[in-house]
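Peer 1: Below: one structure in structure tokens.
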Amino acid sequence: YMNLPAHYSIRARFFVLRSATSTMTFNYYLDTHKFTYNYNSYPSSQSLGDIITTDKIFHQNSELTVTFEVIFSGMDEFIGVKELILFIGKCSNFCLFCDSSANCVKCAISPLTGNYTFLYKGQCYEQCPETTFGNVTSKLC
């Protein structure tokens, strides 16, 4: 995935289709964060697989690589992944980078006006709140 919006966290959810009739290890990665799911039985007759949701990870990069790896212990088995959904903890408006608590640490230029936005208490403002003023050098209120 490329050109992700400014964010501080990501988690993924997807559906795993499988025919595994014996044990199988399913590893999946969000960038370098590894998650493992072990299958030890058949899928139930009412289900063709499982819905998997990853833990939330701290992530700020505009690109994300999702990788899947399967280790089968038997023969003639298959696995597939469908309906991959990314849940992105987006930063506030006009924010380029935020920390793990979603507090902005660097503001962007406003796409509406083309002017700088100013950082104040973890948020970006086109105009600083009353009793404060915008410093164009530091980009702080």
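The values are calculated or read from the model by the stated rules, or taken from the named source; none is laboratory data. Remember, it's a predicted structure, so these values are computed and weren't measured experimentally. All Cβ positions, glycine included, derive from the backbone under ideal geometry; neighbour counts span all protein chains shown. Protein only, heavy atoms only, side chains kept; ligands, DNA and RNA dropped before computing areas. Shrake-Rupley method; radii C 1.70, N 1.55, O 1.52, S 1.80 Å.
Peer 1: Go through the range 1-31 and give me each residue that's out of contact with any Leu (no Cβ under 9 Å at 6 or more places or on another chain), open to solvent by 50 Å² or more (accessible area, probe 1.4 Å) and not in a strand (DSSP E or B).
Peer 2: Asn3, Pro5, Thr21, Thr23
Peer 1: I've got another one for you. Answer with yes or no whether Ser47 is in a loop (DSSP other than H, G, I, E, B), at pLDDT 90 or above and among the hydroxyl-bearing types (Ser, Thr, Tyr). Outline the logic, then answer.
Peer 2: Working: in a loop (DSSP other than H, G, I, E, B): yes; at pLDDT 90 or above: no; among the hydroxyl-bearing types (Ser, Thr, Tyr): yes.
Against the criterion (in a loop (DSSP other than H, G, I, E, B), at pLDDT 90 or above and among the hydroxyl-bearing types (Ser, Thr, Tyr)), Ser47 does not qualify.
Peer 1: Looking at Phe68, Phe15, Phe26, can you tell me which residue is at pLDDT 85 or above, under 20 Å from Met2 (Cβ atoms), within 23 Å of the chain's Cα centre (by Cα) and of a type in the set (Phe, Trp, Tyr)? Can you show your working first?
Peer 2: Working: Phe15 fails: under 20 Å from Met2 (Cβ atoms); Phe26 fails: under 20 Å from Met2 (Cβ atoms).
Selected residue: Phe68, the only one of Phe68, Phe15, Phe26 that is at pLDDT 85 or above, under 20 Å from Met2 (Cβ atoms), within 23 Å of the chain's Cα centre (by Cα) and of a type in the set (Phe, Trp, Tyr).
Peer 1: Does any residue in the range 55-67 that is on the phi < 0 side of the Ramachandran plot and of a type in the set (Phe, Trp, Tyr) come within less than 6 Å, Cβ to Cβ, of a residue that is open to solvent by 70 Å² or more (accessible area, probe 1.4 Å) and not in a strand (DSSP E or B) six or more places away or on a different chain, and which pairs are these?
Peer 2: Within 6 Å, the pairs are Phe58/Ser100.
Peer 1: Does Asp76 meet the test of being surrounded by 13 or more Cβ atoms within 10 Å (Cβ to Cβ), of a type outside the set (Ser, Thr, Tyr), farther than 28 Å from Ser100 by Cβ and modelled with pLDDT under 90?
Peer 2: Spelling it out, it is not the case that Asp76 is surrounded by 13 or more Cβ atoms within 10 Å (Cβ to Cβ), of a type outside the set (Ser, Thr, Tyr), farther than 28 Å from Ser100 by Cβ and modelled with pLDDT under 90.
Peer 1: List every residue pair whose Cβ atoms sit under 8 Å apart, with the two residues 6 or more apart in sequence or on different chains, where the first one lies in the range 98-117 and is surrounded by fewer than 12 Cβ atoms within 10 Å (Cβ to Cβ) and the second, anywhere, is assigned to a strand (DSSP E or B).
Peer 2: Filtered contacts from the range 98-117: Ser101/Tyr8.
Peer 1: Which of the residues that make up the range 82-97 are part of a strand (DSSP E or B) and open to solvent by less than 60 Å² (accessible area, probe 1.4 Å)?
Peer 2: Leu84, Leu86, Ile88, Gly89, Cys95
Peer 1: Checking Ser62 against (1) surrounded by 11 or more Cβ atoms within 10 Å (Cβ to Cβ); (2) under 18 Å from Tyr1 (Cα atoms); (3) over 14 Å from the mean Cα position of the chain (by Cα), which test does it fail?
Peer 2: The single condition Ser62 does not satisfy is (3).
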